[in-house]
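This report concerns only the one structure given below.
The values are calculated or read from the model by the stated rules, or taken from the named source; none is laboratory data. Since the model is a prediction, treat every value here as computed from it, not as a measurement. Here Cβ is always computed from backbone atoms with ideal geometry, including for glycine, and neighbour counts include all displayed protein chains. What goes into the accessible areas is simple: the full protein's heavy atoms, side chains included, and nothing from ligands, DNA or RNA. Shrake-Rupley method; radii C 1.70, N 1.55, O 1.52, S 1.80 Å.
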Amino acid sequence: LLYGPPGTGKTSIANAVANELNILFKVINAGENKSMWTGETIKNINKIFESARLFRPILVFIDEIDSIAQTRSSQEFSNASDSINTLLAQLGDTVDNKDIIFVGATNRKDLIEPALLRPGRFGTHIEVAQPELPNIKKQLKQQLEEVPHQLSETQIDSLANSLHQQERTQAEIADYLNNIKRYLLFNTDE
């Protein structure tokens, strides 16, 4: 289970793992599989697992897993706990999930049903936090190498410090850098 604020790179991490293992990578948005109709969410969850078994080896990344895996006590509808039971069954020992890696992602780990957070299910929990200052500096330097600029090392460090103090996420920093590059490309002679 990868957890942390939005935009910190949870999807990118799962994709990198799949690439490193040289296996198929499938992104599932759990929120899109939730239905207000009785039984539809369960059908959608079962389809995810059936599909994964057809395409193994595969890494299945279930984004926003909290939308279908909230604690049973916090659910609004009585049939919503059926989605938890379905997930528990599909991730259980009696089902053949060989050569399938399931990675869940959430911004709110505290909402996830504890039974899903045990070993054998989503038992490994990795917090994906805001980028650290050295990583922001490295990202800035790499991105700015792609376009002509006259920023000094001190100015780049100052910009990195500012982004770090503002607690910008990885996605916000990438967007910020893309805007800078776009501006430089359209507003300079080179």
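Which of the residues belonging to region 27-38 are touching a helix residue (DSSP H, G or I) at 6+ places or on another chain (Cβ under 8 Å) and either at pLDDT below 80 or among the β-branched types (Val, Ile, Thr) (or both)? Selection gives 27, 28, 31, 33, 34, 35, 38. Looking only at region 144-159, filter to residues that are within 23 Å of residue 186 (Cβ to Cβ) and over 28 Å from the mean Cα position of the chain (by Cα); which one of those is most open to solvent (accessible area, probe 1.4 Å)? For region 144-159, the residue satisfying everything is 150. Before we move on, is residue 84 open to solvent by less than 30 Å² (accessible area, probe 1.4 Å), among the aliphatic types (A, V, I, L, M) and more than 19 Å from the chain's Cα centre (by Cα)? For residue 84, the condition - open to solvent by less than 30 Å² (accessible area, probe 1.4 Å), among the aliphatic types (A, V, I, L, M) and more than 19 Å from the chain's Cα centre (by Cα) - is met. Candidates in region 87-130 are the residues that are among the hydroxyl-bearing types (Ser, Thr, Tyr) and not in a strand (DSSP E or B); of these, the one that is surrounded by the fewest Cβ atoms within 10 Å (Cβ to Cβ) is 94.
Remark: residue 180 falls outside the filter, which requires a residue to be surrounded by 15 or more Cβ atoms within 10 Å (Cβ to Cβ) and modelled with pLDDT of 85 or more. Going through (1) open to solvent by 80 Å² or more (accessible area, probe 1.4 Å); (2) touching a helix residue (DSSP H, G or I) at 6+ places or on another chain (Cβ under 6 Å) one by one, residue 62 falls short only on (1).
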